[in-house]
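What follows is a short report on a single structure.
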Amino acid sequence: MLILYALPQSSFCAKVRGALQFKGIEYEEQEPHGGSYQTTDYQRIVAAGSIPAIQLGDWMLYDSQAIVEYLEEMYPDPSVWSEDPQQRAEQRALVNYHDSKLEPAVRSLVPLVRQPDSSDREQHINIAKDQLFDRLFRLDKIIASDPIQNAKQLCVADWVFPPTIYMGLDILEHMGHSLKLPNRVERWLQNSMQQPIVEAEAGRVRGAIAQWLNQGIERTN
Ligand SMILES: N[C@@H](CCC(=O)N[C@@H](CS)C(=O)NCC(=O)O)C(=O)O
């Protein structure tokens, strides 16, 4: 049985979980040893020290994209990519845009959540928010050429972006800010959320983020 090491608040884990579910692969999900990827017990078996990772017998693989590509080779049907080579290449580029541009922009909001109110913090929030908006604005331009919307079926991009986008919106809202999504991104988000896999993955990440944000409220009150 394939073991997936994952945590519920991670979009990278949602990427792999979505692929496993889309392909109907049996798996067992476990939190990293000690509940954190920073523990020596976890890092003893996953040298990269990151989540997600999969284990099959004594074989271990880290990195969400490598895992998805491995699953795609081993279980090609249904494919997590379009049948059309150009569209498939665009979808891969889009997922890479998520991993290298959008997710880091959302992640830069995280350390600001627990900082005490100050004009300095406010300034940092505005800088991070502008960067996030810029990346969403570029995403809007990228999807104008339609790497996903003409596809006949879901692809990885459909279930990896929503958890990250909601994470950004929810964290900003918690810090008293809002961000209006560009129109095409908003439409894509709403359409993808009609799909059970996407709704489940986004819901899971949002639930974990909400719990983390609210724990902060309990602690400071
Ligand atoms: N490129 C990696 C990134 C995954 C990642 O950044 N995971 C975070 C948690 S969401 C993590 O494990 N961070 C610890 C680290 O990378 O050292 C992937 O796609 O799996």
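Scanning the range 103-127 for residues that are within 15 Å of the ligand (Cβ to nearest atom) and farther than 22 Å from L20 by Cβ returns P104, A105, V106, R107, S108, L109, V110, P111. The single residue among D63, D77 that is under 24 Å from I142 (Cβ atoms) and without any contact (Cβ under 8 Å) to a residue 60 or more places away in the chain turns out to be D63.
Those residues that are more than 15 Å from the ligand (Cβ to nearest atom) and buried (at least 17 other Cβ atoms within 10 Å of the Cβ), I need them from the range 73-87; list them, please.
Let us first name the residues in the range 73-87 that are more than 15 Å from the ligand (Cβ to nearest atom), namely 73-79, 81-87.
Correct list: W81, S82, Q87.
For L2, indicate whether it is more than 8 Å from the ligand (Cβ to nearest atom) and over 18 Å from the mean Cα position of the chain (by Cα). Yes: the conditions hold for L2.
Taking (1) assigned to a helix (DSSP H, G or I); (2) buried (at least 16 other Cβ atoms within 10 Å of the Cβ) in turn, E122 satisfies each apart from (2). Just checking, does the range 20-32 include any residue being in contact (Cβ under 8 Å) with a residue 24 or more places away in the chain, near the ligand (Cβ under 10 Å from one of its atoms) and not assigned by TED's automatic domain parsing to the domain that holds L172? Yes. Would you confirm, using the coordinates I've provided, whether I67 is modelled with pLDDT under 95 and either exposed (fewer than 14 other Cβ atoms within 10 Å of the Cβ) or part of a helix (DSSP H, G or I) (or both)? No, not satisfied. One residue stands out among those in the range 14-64 that are part of a loop (DSSP other than H, G, I, E, B) and among the polar types (S, T, N, Q): the one that is surrounded by the most Cβ atoms within 10 Å (Cβ to Cβ), which is S50.
Considering only the range 77-85, I want to know if a residue exists there that is of a type in the set (S, T, Y), at pLDDT 95 or above and in contact with a helix residue (DSSP H, G or I) (Cβ under 8 Å, 6 or more places away or on another chain). Spell out the reasoning first.
Within the range 77-85, the subset of a type in the set (S, T, Y) is 79, 82.
Filter once more, so that each one left must be at pLDDT 95 or above: 79.
After this cut, where a residue has to be in contact with a helix residue (DSSP H, G or I) (Cβ under 8 Å, 6 or more places away or on another chain) as well, the list is 79.
The answer is yes, given that some residue of the range 77-85 is of a type in the set (S, T, Y), at pLDDT 95 or above and in contact with a helix residue (DSSP H, G or I) (Cβ under 8 Å, 6 or more places away or on another chain).
Screening Q86 with (1) more than 27 Å from W212 (Cα to Cα); (2) among the polar types (S, T, N, Q); (3) in contact (Cβ under 8 Å) with a residue 60 or more places away in the chain gives one miss only, at (3).
Got a sec? Which of Q91, Q65 is within 14 Å of the chain's Cα centre (by Cα) and under 27 Å from Q153 (Cα atoms)?
Values: Q91 fails: within 14 Å of the chain's Cα centre (by Cα).
After ruling out the rest, the residue left standing is Q65.
Scan the range 68-82 and give yes if some residue there is touching a strand residue (DSSP E or B) at 6+ places or on another chain (Cβ under 7 Å), polar (S, T, N, Q) and not assigned by TED's automatic domain parsing to the domain that holds A157, otherwise no. No, there is no match, as no residue in the range 68-82 is touching a strand residue (DSSP E or B) at 6+ places or on another chain (Cβ under 7 Å), polar (S, T, N, Q) and not assigned by TED's automatic domain parsing to the domain that holds A157. Scanning the range 37-60 for residues that are in contact (Cβ under 8 Å) with a residue 24 or more places away in the chain and over 18 Å from S100 (Cβ atoms), we see that the one that is nearest to the ligand (Cβ to nearest atom) is Y37.
Of the candidates F161, F137, the single residue that is away from the ligand (no atom under 16 Å from the Cβ) and aromatic (F, W, Y) is F137.
The values are calculated or read from the model by the stated rules, or taken from the named source; none is laboratory data. Only a predicted model underlies this, so the values are computations on that prediction, with no experimental measurement involved. Here Cβ is always computed from backbone atoms with ideal geometry, including for glycine, and neighbour counts include all displayed protein chains.
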